Amino acid sequence: MPILEVENLSISFNQYTAGLRRKNIQVISSLHVTLEAGEILAVVGASGSGKSLLAHAILGILPDNALVSGTIKYNGEVLNASTQASLRGKEIALIPQSTNYLDPLMRVGNQVRTSVKTGDATVAQRAVFKRLHLQQSVEKMYPFQLSGGMARRTLLSTAIVSDAKVIIADEPTPGLDPVVMKEALNNFREFADNGCAVMLITHDIESALTIADKIAVFYAGTTVEVAPVEDFTGNGESLRHPYSKALWRALPQNDFIPIPGSQPHPSALPTGCLFAPRCTMATPACSEKQPDMQNIRDGMVRCMHAT
Amino acid sequence: MRKMLLGKLGIFLLLKGLRMLTLLIAICFISFLLVKNSPIDPIQAYIGADMLKVGPEQREKIAEYWGLDQPVMVQFLNWGSALLAGDLGTSMIFRRPVAEIIGERFVNSLVLMITAWVLSGVIGFVMGVLSAMKKDTWIDRLIKWYCYTLASTPTFWMGLLMLIVFAVWLGWFPIGLGVPAGVLAADVTIADRIEHLILPAITLSIIGVANVALHTRQKLIDVLASDYVLFARARGERGFILFWRHGLRNVALPAITLQFAAFGELFGGAVLAEQIFSYPGLGQATVEAGLRGDVPLLLGLVIFSTFFVFAGNLIADLIYYAVDPRTRESRMI
Ligand SMILES: Nc1ncnc2c1ncn2[C@@H]1O[C@H](COP(=O)(O)OP(=O)(O)O)[C@@H](O)[C@H]1O
Ligand code: SF4
Ligand SMILES: [Mg+2]
């Protein structure tokens, strides 16, 4: 059984537009994702495709004006606001996207200690700093005194000391030099090998491919494909969705051809398949209704012409 | 490192001191000119009701005694050089050294201002925190309404209202003055003094809370919407713990700073409140000196209040410098 299942998740925001009219902007639509213990799922997608919102929705920390539908299951149990609150920081840990997520007026050692749920917080914090090669003096520093790499490792520490079963890392690698980045990625592999489930959110497909087990491809607020990492090979012929194939071929080591056009804004989504305006395989039927998620060859895809 | 820090602090204080000095000279000069050009006759102010009994010759003598027959610039320079020698001059209406009067009045005012300052600071802060934590509930609306209404209420109006309700109608408090009328100074008890202090202090506090409360509310709302509070929630923190760990530490510093920087408003408020409650503090002395053309006293008060307001601002700056780790420890790496 998957440890975390997200089914049919939709998120929209109530916004006031000109003339005080209320407008509902759909930013995530019928999204599916599952996470298995011992496995790294990489979530890749362009900026603005809803990756961070998915993470926040799982933890139940979306802003008040967000409307959420669909179900999120943890260990087979459907979550609600109060069960989400009791899982936060204990069973599910977030490694946030930027170092702004550290309290600017609190020493970082203390911030890591507040994540420790059982046992001696100081001992746990010092141990994790040692493991991540942070000197002991770092615990007395404030966030503004940390280098980018140190701040990332501090954020990582908060997840390690929490002993959570599910770790959601929201773009944990930008700004790291290659050595530190490799180390950070190895840490995630270690988490998974120790039985945790890791959701690695990133827009760096190449590094995701080096450690992930499965890749979920996001486009305009939904998953268009979930594929085993082995399918990202050759010309992308094992991939199921035209967008995944195009993404794969756009990488520098492949054809390096960018996909023409751009991701639609949440306020102007197409009616049918969200990728239709940019898809070379599109047929008139594609623009009629959004294709359903279907299982194909050990993966999932949202395209009516997928093979 | 320590030395560098002190060096920087020294330069900072030096620059502040220079600014203070130029400001002081300018303010003194302007006040001097204003009083000199006002229609009040200082000699008449000095003599008071006996004016009719004074002949032109005596008038001239008095003018000569006070140096009033000399050109304005010379008068200013005379006063300035005496000041540099540490002499604030003699008050014309009280006929006692200005320094003595300011010292005596300041003690009265200080008690009033400190009481109002602490009350408005603490209550305002708590109101702001409550309002932000319960944003958009009836508590928040009530507090906001109170603050906006008060922010536009003149102090003298509030003072009169308090006086009418609590002193005249209900008779709970004395109508004015710093001590009971007709009681020997030696017989005045602390309780008497406190009784006379309550109404003016409450008047000042009622108005003073608005600023801190609204500022704290906005700041805490921003903090609660920040990424670091989102992350704290992601780690399972909520409610009071969340406020205690991340809210308080991020809103307390700006609130304290704001409260120190509000010394000027406090002083201005005290001037009005003291006038209404006939409370014998600096404010009342300022009004009298202005109305009766007592130049030495007025200038003495101007210098003193400038120092006072400046000290508040300086403390506010220093607190940021000393307490905020971003400025305190930035030179340690
Ligand atoms: N509070 C909000 N109100 C309205 N729209 C939002 C809000 N937060 C995010 N969005 C929109 O949702 C979309 C997805 O955002 P996000 O999940 O941050 O993308 P990603 O992490 O993939 O870059 C973006 O188009 C963004 O503008
Ligand atoms: S459904 Fe049609 S438009 Fe959408 S990806 Fe498949 S082929 Fe392209
Ligand atoms: Mg993001």
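The values are calculated or read from the model by the stated rules, or taken from the named source; none is laboratory data. Here the structure is a predicted model, which means the values were calculated and not measured. Here the Cβ is made from the backbone with ideal geometry for all residues, glycine too, and neighbour counts use every protein chain on show. Calculation scope for accessible area: heavy atoms of the full protein, side chains included, ligands and nucleic acids excluded. Shrake-Rupley method; radii C 1.70, N 1.55, O 1.52, S 1.80 Å.
On full extension of the chain, what length is gained from residue A:251 through residue A:47, given 0.36 nm per residue of separation minus the C-alpha to C-alpha distance? Working shown, then result.
On the way: separation 204, 0.36 × 204 = 73.44 nm, distance 1.64 nm.
Stretched fully, the residue A:251-residue A:47 segment lengthens by 71.8 nm.
With a cut-off of 9 Å between beta carbons, the residues surrounding residue A:306 carry a summed charge of +1, where Lys and Arg count +1 and Asp and Glu -1. Axis angle, to the nearest 10 degrees, between helix A:178-193 and the longest C-alpha principal axis of chain A: 90 degrees. For residue A:77 and residue A:210, a Förster radius of 45 Å and the Cβ-Cβ distance give a FRET efficiency of 0.85, rounded to the nearest 0.05. Bridgeable lysines around residue A:73 (alpha carbons under 26 Å apart, same-chain partners fewer than 8 residues away excluded): A:51, A:90, A:117, A:165, A:214. Each of B:12, A:217, A:11 was scored by the projection of its Cα onto the charge dipole of the protein assembly as shown, and the greatest displacement toward the positive side belongs to A:217; charges sit on the C-beta of Lys, Arg, Asp and Glu. What is the distance in Å between the Cα centroid of segment B:267-333 and that of segment A:80-112? Cα centroid of segment B:267-333 versus Cα centroid of segment A:80-112: 44 Å apart.
Ordered from highest to lowest accessible area with the whole protein assembly present and a 1.4 Å probe, B:61, B:134 read as B:61, B:134.
Ignoring lysines fewer than eight residues from residue B:144 along the same chain, the ones with Cα atoms less than 22 angstrom from its Cα are B:134, B:135, B:219.
Rounded to the nearest 500, the helix-only mean residue ellipticity at 222 nm of chain B stands at -24000 deg cm²/dmol, with each DSSP H run of n ≥ 4 adding -39,500 (n - 2.57). Candidate cross-link partners of residue A:140 among the aspartates and glutamates, defined by an alpha-carbon separation under 13 Å and a same-chain spacing of 8 or more, comprise B:329. So for the protein assembly as shown, taking the charge dipole from beta-carbon charges (+1 Lys/Arg, -1 Asp/Glu), which of A:197, B:121, A:76 sits furthest toward the positive end? Result: A:197, furthest along the dipole toward the positive end. The angle between the Cα long axis of helix A:121-131 and the main principal axis of chain A comes to about 70°, on a 0 to 90 degree scale.
Using a probe of 1.4 angstrom, how much of the accessible area of segment B:105-327 is carbon and sulfur, in percent?
Numbers: 7360 of 10220 Å².
The value for segment B:105-327 is 72 percent carbon and sulfur by accessible area.
Rounded, prolate or oblate: which fits chain B, taking a ≥ b ≥ c as square roots of the Cα gyration tensor eigenvalues, rounded meaning a/c under 1.5, else prolate when a/b beats b/c? Write down the numbers at each step before the final one.
Values: a/c = 2.87, a/b = 1.57, b/c = 1.83.
Oblate is the answer for chain B, as a/c is 1.5 or above yet b/c matches or exceeds a/b.
Counting each pair of different Cα atoms once, what's the Kirkwood radius of the protein assembly as shown in Å, rounded to one decimal?
Working: mean 1/r = 0.0329 Å⁻¹.
Averaging 1/r across every pair of different Cα atoms and inverting gives 30.4 Å.
At a Förster distance of 60 Å, what's the computed FRET efficiency of residue B:23 paired with residue A:133, Cβ-Cβ distance as r, to 0.05?
Working: r = 53 Å, r/R0 = 0.89.
Once rounded, the FRET efficiency stands at 0.65.
Per residue, chain A reaches -7500 deg cm²/dmol at 222 nm when only DSSP H runs of four or more residues are counted, each adding -39500 (n - 2.57).
Note on surface exposure: A:214, A:130 rank A:130, A:214 by accessible area, highest first, 1.4 Å probe. The charge dipole of the protein assembly as shown, taken about the Cα centre with unit charges on the Cβ atoms of Lys, Arg (+1) and Asp, Glu (-1), comes to about 380 debye, rounded to the nearest 20. Here the calculated FRET efficiency for residue B:167 and residue B:37, from their Cβ-Cβ distance with R0 = 56 Å, stands at 0.90, rounded to the nearest 0.05.
Charged neighbours of residue B:101, selected by a Cβ distance under 11 Å, balance to -1 (K, R count +1; D, E count -1).
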